[in-house]
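In what follows, a single structure is set out as structure tokens and then discussed.
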Amino acid sequence: MDFAEIEARSTIEEIDRIVAFIDAWCEAQALSDELRFKLHLVAEEFSMNAIMHGYRDREDGWIHIRLVAKPDALSLIFQDEAPLFDPLVEAATPDVTASVEERQVGGLGVHLVKEMTRFVGYRRDGQRNVLTADFDR
Amino acid sequence: MDFAEIEARSTIEEIDRIVAFIDAWCEAQALSDELRFKLHLVAEEFSMNAIMHGYRDREDGWIHIRLVAKPDALSLIFQDEAPLFDPLVEAATPDVTASVEERQVGGLGVHLVKEMTRFVGYRRDGQRNVLTADFDR
Amino acid sequence: MTLTINEENRDTVLVVSVSGRLDGVTSKTLDTHIGARIAGGSDRIVLNLSGVDYISSFGLRLVLVAAKKLNGPGRRFVVCGLKDNVRQVFSVSGFLSILTLTDTVDEAASAASS
Amino acid sequence: MTLTINEENRDTVLVVSVSGRLDGVTSKTLDTHIGARIAGGSDRIVLNLSGVDYISSFGLRLVLVAAKKLNGPGRRFVVCGLKDNVRQVFSVSGFLSILTLTDTVDEAASAASS
Ligand SMILES: Nc1ncnc2c1ncn2[C@@H]1O[C@H](COP(=O)(O)OP(=O)(O)O)[C@@H](O)[C@H]1O
Ligand SMILES: Nc1ncnc2c1ncn2[C@@H]1O[C@H](COP(=O)(O)OP(=O)(O)O)[C@@H](O)[C@H]1O
């Protein structure tokens with residue numbers, strides 16, 4: 001089982017490092033562009049939510065991403081130590097049929113994660129929020 | 001005496017047309033990059049001030065720019081019909097020696113125009129503000 | 001990362017072509033840029049995304065904000081050139097049915113000038 | 001017009017290289033971009049203007065705003081690569097004496113990491 005992990009602080013500045021980390025791993029695993037795209041998307045949505053909403057103005061929060069390759073699947077495990085928040089339950093489901101006028105701005109991050117993964121799960125582990133996203137290979 | 005002129009409305013959108021107009025004329029007159037730069041700068045500063053401060057939120061104001069080539073000089077004559085305002089007298093002179101902390105943000109437009117021209121003059125002509133900028137060739 | 005914003009006036013239409021990643025930071029940058037254009041009087045805009053390989057929810061946000069601002073009589077907002085991954089993000093968010101979309105810049109410019 | 005913003009991390013320094021015209025609209029765009037980077041934690045920034053042929057007072061404004069935000073302990077703002085016309089605008093505005101300026105990106109990055 002191949003895996004890689006990265007630790008980052010809760011600042012937007014760290015996103016570039018996370019992007020480079022995912023790129024390097026996708027390269028090494030020879031993943032398709034589509035899978036690489038999905039990993040980037042899910043990592044960004046989780047990270048930005050933790051930075052902006054979870055840790056709010058704290059820049060010294062801890063973020064951890066682990067990528068795991070299995071024969072027929074990939075997993076991205078995201079962890080932070082921000083206050084308990086289950087986005088899969090708490091984030092409102094956007095109305096994706098509303099017209100441009102009616103449509104609310106925002107609230108698409110968690111929705112995109114759900115759409116782009118085969119499975120996404122949340123659990124609280126002590127002081128940690130743990131999000132797991134699985135993708136078909 | 002070669003000259004060219006353009007009329008525009010008081011919207012930022014028109015700046016692109018003014019830029020293209022100046023470029024075409026500089027090309028035709030085979031002017032140096034330095035003169036072209038100065039004409040662009042003075043035209044933008046005059047136009048943006050008229051749009052943002054002179055006409056404020058009015059988008060249907062009238063702006064006129066005339067470029068004149070003489071053997072040893074160039075002139076840019078800028079006209080608008082916004083309320084009377086003589087920037088050469090009214091705009092505060094910035095303190096260009098103040099440190100980064102002390103230095104005020106803004107107020108450099110008129111200063112740049114003065115620095116980049118041989119002569120710059122203002123007059124009120126009926127309902128019009130008329131600014132004339134002369135450059136050495 | 002590299003973000004490139006290229007603009008071209010086609011008669012009454014402003015074509016804004018973007019290359020790069022539309023993430024949390026660059027989407028805000030582009031949002032400001034397009035917002036300034038709209039405030040400056042550009043009321044028919046084509047957003048050409050043919051150079052965009054990556055878009056997240058922040059990119060969708062800026063697209064929706066522009067679409068809202070340019071919704072109304074005499075105003076047009078047309079998006080063109082979606083790559084496959086970008087198209088999928090638009091699709092699952094319902095954007096394919098609420099926005100005016102075309103394949104090419106030419107089609108977009110003519111849709112925006114109509 | 002084309003505005004390109006290219007970013008590269010060099011250890012602790014973010015090098016932002018810009019190409020294009022810095023006028024009233026694009027300066028605001030770049031201001032937002034750099035502001036987001038600073039808010040996002042980038043506190044040592046090099047602004048490489050070697051691709052900039054035109055700057056007006058709006059460009060000076062964004063440079064001063066960035067210099068003010070990055071003024072203080074552990075923070076650095078270094079500008080490099082001024083072309084002649086841009087240098088003259090900096091010069092007559094007093095910016096050559098109040099900012100940290102270098103010719104090359106390498107010099108700027110090492111000044112910013114010190
Ligand atoms: N880690 C988190 N901690 C606290 N609140 C969160 C977290 N992640 C998301 N949220 C809340 O859920 C909402 C929806 O999130 P999301 O779908 O990513 O959309 P957006 O962030 O664009 O609003 C956010 O606006 C925020 O209020
Ligand atoms: N056409 C105008 N009408 C009214 N006020 C103006 C006009 N042009 C300039 N001003 C005033 O003069 C000030 C200085 O102008 P300027 O030197 O161009 O710097 P800036 O526009 O960056 O503040 C402006 O802030 C504005 O208050």
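Derivation of every value follows stated rules applied to the coordinates shown; laboratory data play no part. The structure displayed is predicted, hence computed values, not measured ones. With ideal geometry, Cβ positions are generated from the backbone for all residues, glycine too; neighbour counts draw on all protein chains shown.
Observations on the structure shown:
- The other copies place their A:Gln29 label points at 6.2 nm from this one, listed shortest first, where each point is 7 Å from Cα along Cα→Cβ.
- Whole-Hz Karplus values for the stretch A:59-68 come out as 9, 10, x, 10, 10, 9, 10, 10, 10, 10 Hz, taken residue by residue from phi with 6.51 cos²θ - 1.76 cosθ + 1.60 and θ = phi - 60°; glycine and proline positions read x.
- The protein assembly as shown: proportion of alpha-carbon pairs further apart than 31 angstrom, %: 51
- When peptides A:44-51, C:69-76, D:31-38 are ranked by their average number of other Cβ atoms within 10 Å per residue, the highest-first order is A:44-51, D:31-38, C:69-76.
- Neighbouring Cβ atoms from other chains, within 10 Å of the Cβ of residues in C:52-62, number 5 on average.
- Separation of the stretch A:1-16 and the stretch D:53-98, taken as the distance between their Cα centroids, equals 33 angstrom.
- For the residues of D:4-13, the average number of beta carbons from a partner chain within 10 Å of their own beta carbon is 4.
- Burial order of peptide ranges A:2-8, D:98-104 (average beta-carbon count within 10 Å, highest first): D:98-104, A:2-8
- Per-residue mean of foreign Cβ neighbours for C:64-75 is 2 (Cβ atoms of other chains, 10 Å radius).
- The stretch B:77-83 - phi-based ³J(HN,Hα) in whole Hz, Karplus 6.51/-1.76/1.60, Gly and Pro as x: 10, 10, 10, 9, 10, 6, x
- Relative protection proxy for D:53-63, A:89-99, C:83-93, from highest mean packing down: D:53-63, C:83-93, A:89-99 (other beta-carbon atoms within 10 angstrom).
- Each copy carries C:Glu107; placing its label point 7 Å along the C-beta direction from Cα gives inter-copy distances of 5.2 nm, listed from smallest up.
- Plainly put, the stretch A:1-83 has a radius of gyration that is 0.98 times its Kirkwood radius, both from alpha-carbon atoms, as the Rg/Rh ratio.
- Around the Cα centre of chain A, unit charges on the Cβ atoms of Lys, Arg, Asp and Glu (plus for the first two, minus for the last two) sum to a dipole of about 360 debye.
- Shortest first, A:Arg118 label-point distances to identical copies amount to 7.7 nm, with the label point at 7 Å from Cα along Cα→Cβ.
- Cα point-scatterer Debye curve for chain D, base-10 log of I(q)/I(0) at q = 0.14, 0.20, 0.21, 0.23 Å⁻¹: -0.48, -1.06, -1.18, -1.46
- Relative contact order, whole percent, for chain A stands at 26, derived from Cα pairs under 8 Å and 6 or more residues apart.
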